[in-house]
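*Asks:* My questions will all concern the structure given below.
Please treat every number below as a calculation from the coordinates, not as lab data. Keep in mind the model is a prediction, meaning the values are calculated, not measured. Every residue, glycine among them, receives a Cβ derived from its backbone with ideal geometry; neighbour counts consider all protein chains shown.
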Amino acid sequence: MNARRSPALRRLLRNPTALAGLIFLIAITLLAVFAPLLYPGDPLGMEADALLWPGQDWHYPLGTDALGRDVMAGVVHGGRVSLQVGILASLFGVLLGLAIGAVAGYFGGKVDYGLQRLIEIFQTMPSFVLLVALVAIVQPSVPTLIFAIGIISWPTVARLVRAEVRSIREREYILAARSVGYSHLRIIAHEVLPNILPTLIVTASIMVASAVLMESALSFMGLGDPNQVSWGSMIGSGREQIRTAWYLTAIPGLAIFLTVLAFNLIGDGLTDAFNPTRDRASK
Amino acid sequence: MKILLTLGGALWRALLHTLPTLLGILLINFLLLQLAPGDAADVMAGESGSATQESLAALRSQFGLDQSIPMQLWHYLSNLAHFNLGYSPRYGASVQALIGQRLGTTLTLMLLALLFSLLLGIALGMLMARWQGRWPDRVLYVCSQFFYSVPGFWIGLMLIVVFSVKLGWLPTGGSGTIGADLHGWPALFDTLRFMALPASSLALIYIAIYARLTRASMLEAGAQDYVRTAEAKGLSPWAITFKHVLRNALLPITTMAGLHFGGMLGGAVVIETVFSLPGLGRLAYDAVMARDYNVLLGILLISSLLVIITNVLVDLLQTWLDPRIRSRR
């Protein structure tokens with residue numbers, strides 16, 4: 001298993017764009033993890049003169065907003081929320097989709113029919129509108145954001161897993177495992193899952209990218225956790241001063257853009273690494 | 001005549017196929033409405049400023065809120081069958097009337113964004129396929145990666161900074177010049193001026209998607225035998241590209257464009273709040289702020305119905321476009 005994966009990892013690390021994405025991501029994750037040490041105190045607290053431009057006072061390298069809050073502290077602390085929501089929501093979505101897709105594909109028949117209709121329902125409802133409705137009803141907070149984004153993103157994984165499981169369900173080694181008398185759960189976990197892992201990893205990294213985008217859009221609209229600063233909410237409050245202090249909107253947006261780009265580049269690099277012979281843009 | 005029959009058959013099959021989905025969506029909507037904190041009586045009482053226990057109870061029985069859940073579901077469904085989505089005390093209007101007023105703006109925005117992204121995306125995808133593996137392909141590939149990762153609402157705000165604040169060319173928001181009584185071409189031009197920035201911000205991610213899709217399907221269609229035949233016949237490269245390759249490459253793109261309707265609607269919600277366009281998204285935003293769940297879930301329901309209708313239409317379009325799909329069924 002390991003011997004098969006390590007050339008893929010080596011190929012990933014030799015891909016310059018994927019490597020750039022990985023390095024940026026590690027940097028931003030470290031900043032987010034150590035945010036309380038780097039910028040102790042509440043990032044929503046007022047620190048200095050209002051509306052300092054970036055570079056005007058090197059104590060506040062990215063400037064301050066209309067209430068005198070340090071933009072750099074906001075970006076670093078906001079990264080915590082964005083990454084946390086993005087990663088955990090995707091994890092939740094992947095696990096949910098994995099469970100539902102595996103059950104549908106493995107058992108087939110009526111179970112499959114029912115679950116497919118469920119997938120179809122979730123793919124028909126405009127996901128962002130559903131997300132807004134869900135968050136508005138359960139009241140926004142970090143856990144509910146994770147829950148709601150997970151709820152709307154599982155169908156992609158479920159469809160993928162279902163199709164893959166169906167295609168390998170009748171292979172000889174699965175039939176062999178079944179004839180030995182292994183339980184369904186054991187067959188799914190030990191025989192089926194390792195085969196779909198590469199596809200799943202690629203999907204997960206792209207899901208994190210879209211989860212970060214969705215979190216930022218929600219908190220931009222004022223549907224984020226009201227007690228925590230996030231990149232989206234910084235844009236939401238910065239747009240009031242868009243005529244005079246556009247850097248308040250530009251800086252957190254740039255942070256979102258680069259983070260999402262990093263996840264997408266890694267996703268692309270992983271696709272190439274797992275399928276070295278495939279043309280890279282033909283997906 | 002024959003084509004009408006096949007289209008009729010396709011329509012019937014599509015409708016039959018959507019029925020379980022439709023029922024599921026109605027059920028989820030009803031469930032969410034039940035989960036929403038506070039009911040219509042609470043909202044009415046809150047709006048009027050005061051209420052006694054007795055008047056609340058009276059309101060509840062008037063709305064049927066004191067009945068069992070299955071009875072309420074039955075009322076909900078029968079109301080829907082009469083196109084009644086409920087009442088918004090906040091706006092003092094029925095939900096269906098509110099949505100009807102706002103739908104046009106959202107659909108215009110989406111249609112413009114779709115047209116823009118299809119035109120540009122297909123053109124860029126053709127360029128990429130033409131110079132596959134060389135620098136135009138690589139540069140455009142990186143661009144598409146950028147477009148794909150940018151938050152639409154943020155690029156909208158940045159466009160406002162550049163084109164409205166700095167250059168002063170385009171308006172920052174709204175859907176038309178206030179007080180200007182325009183008709184005909186000037187009215188259309190006015191709408192386009194107000195829609196240019198929102199439609200571009202909404203289109204950005206789809207330009208990237210269609211460019212990549214076009215590139216992939218152009219390359220695939222270009223490798224087919226009939227293209228080699230056309231080349232052997234001595235047809236010009238232009239004729240081959242447009243008549244033989246592009247026509248076949250467009251088929252998967254029509255499918256995807258249909259699938260993107262729901263996503264685009266979601267994007268429109270955020271974009272409309274950025275540009276204060278009076279559409280469904282703006283209404284959803286206001287409904288969230290006012291905790292008006294009737295309106296919010298009405299929008300969810302109507303937009304889901306719109307997605308279903310688009311899916312059926314795309315199905316029909318494909319049956320009509322591709323004789324192979326017709327004969328397969």
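*Asks:* Calculate for chain A the 222 nm mean residue ellipticity that helices alone would give, adding -39,500 (n - 2.57) per DSSP H run of length 4 or more and normalising by residue count, nearest 500 deg cm²/dmol.
*Replies:* Values: 12 runs with 205 residues, N = 283.
So the helix-based figure for chain A works out to -24500 deg cm²/dmol.
*Asks:* Once you have a ≥ b ≥ c as the square roots of the Cα gyration tensor eigenvalues for segment B:238-329, tell me rounded if a/c is under 1.5, and otherwise prolate or oblate according to whether a/b is larger than b/c.
*Replies:* Oblate is the answer for segment B:238-329, as a/c is 1.5 or above yet b/c matches or exceeds a/b.
*Asks:* Show me A:198-208, B:21-31 ranked by packing, highest mean number of other Cβ atoms within 10 Å first. Please report the intermediate quantities before stating the final value.
*Replies:* On the way: A:198-208: 21.3, B:21-31: 17.7.
The peptides rank, most packed first, as A:198-208, B:21-31.
*Asks:* How long are the semi-axes of the equivalent ellipsoid of the protein assembly as shown, taking √(5λ) for every eigenvalue λ of the Cα gyration tensor, in whole Å from largest down? Could the numbers behind the result be given before it?
*Replies:* Values: eigenvalues 279, 221, 174 Å².
Rounded to whole Å, the semi-axes are 37, 33, 29.
*Asks:* Go through segment B:83-179 and name the trypsin sites (Lys or Arg not before Pro) that are in a DSSP coil and have 13 or fewer other Cβ atoms within 10 Å of their Cβ. All intermediate terms of the calculation are to be shown ahead of the outcome.
*Replies:* Numbers: sites: B:R90, B:R102, B:R130, B:R134, B:R138, B:K166; in loops: B:R90, B:R134.
Within segment B:83-179, the qualifying trypsin sites (Lys or Arg not before Pro) (loop, at most 13 other Cβ atoms within 10 Å) are B:R134.
*Asks:* With each label point set 7 Å from Cα along the Cα-Cβ vector, what nm distance links B:L35 and B:L305?
*Replies:* Taking the two extended label points, one gets 2.3 nm.
*Asks:* Using +1 on the beta carbon of Lys and Arg, -1 on that of Asp and Glu, and nothing else charged, what's the dipole of chain A about the Cα centre, debye to 20?
*Replies:* Working: 21 positive and 18 negative charges, 280 e Å.
Roughly 1340 debye for chain A.
*Asks:* Could I ask something else about it? Compute the separation of the alpha-carbon centres of segment B:83-138 and segment A:210-231 and state it in Å as a whole number.
*Replies:* If we compute the Cα centre of each part, the gap is 23 Å.
*Asks:* Taking 0.36 nm per intervening residue step and subtracting the Cα-Cα distance, what contour gain separates A:D112 from A:L9 on full extension?
*Replies:* On the way: separation 103, 0.36 × 103 = 37.08 nm, distance 3.48 nm.
Here the answer is 33.6 nm.
*Asks:* Further question on the same structure: For chain B, what does the alpha-carbon gyration tensor say about shape, rounded, prolate or oblate, given a ≥ b ≥ c as the root eigenvalues, a/c under 1.5 as rounded, and a/b over b/c as prolate? Walk me through the numbers on the way to the answer.
*Replies:* Working: a/c = 2.71, a/b = 1.58, b/c = 1.71.
Judged from the Cα gyration tensor, chain B comes out oblate (a/c at least 1.5, b/c at or above a/b).
*Asks:* To continue, here is another question. Spin-label point model (7 Å from Cα, Cβ direction): what's the A:A99 to B:L23 distance in nm?
*Replies:* Each label point is offset 7 Å from its Cα along the Cβ direction, giving 2.5 nm.
*Asks:* Between B:A93 and residues 5 or more places away or on another chain, which pairs have amide H atoms under 5 Å apart, with H built 1.01 Å from N, and which residues are they?
*Replies:* The list, which skips near neighbours in sequence, is B:S88.
*Asks:* For B:210-216, what's the mean count of beta carbons from other chains sitting within 10 Å of each residue's beta carbon? Intermediate results must be reported in sequence, preceding the final value.
*Replies:* Details: counts 0, 1, 3, 3, 0, 3, 4.
For this peptide, the per-residue mean of nearby foreign Cβ atoms is 2.
*Asks:* For segment B:92-149, max minus min Cα coordinate along each principal axis, in Å, sorted largest first?
*Replies:* 60, 20, 10
*Asks:* Let me ask another. Using the crude model of +1 on Lys and Arg Cβ and -1 on Asp and Glu Cβ, and no other charge, please compute the dipole size for chain B relative to its Cα centre, in debye to 20.
*Replies:* 1580 debye
*Asks:* For peptide B:295-304, how many partner chain Cβ atoms fall within 10 Å of a residue's Cβ, on average? Each step should come with its number before you reach the end.
*Replies:* Working: counts 0, 5, 4, 0, 4, 7, 3, 1, 6, 6.
For peptide B:295-304, the averaged partner shielding equals 4.
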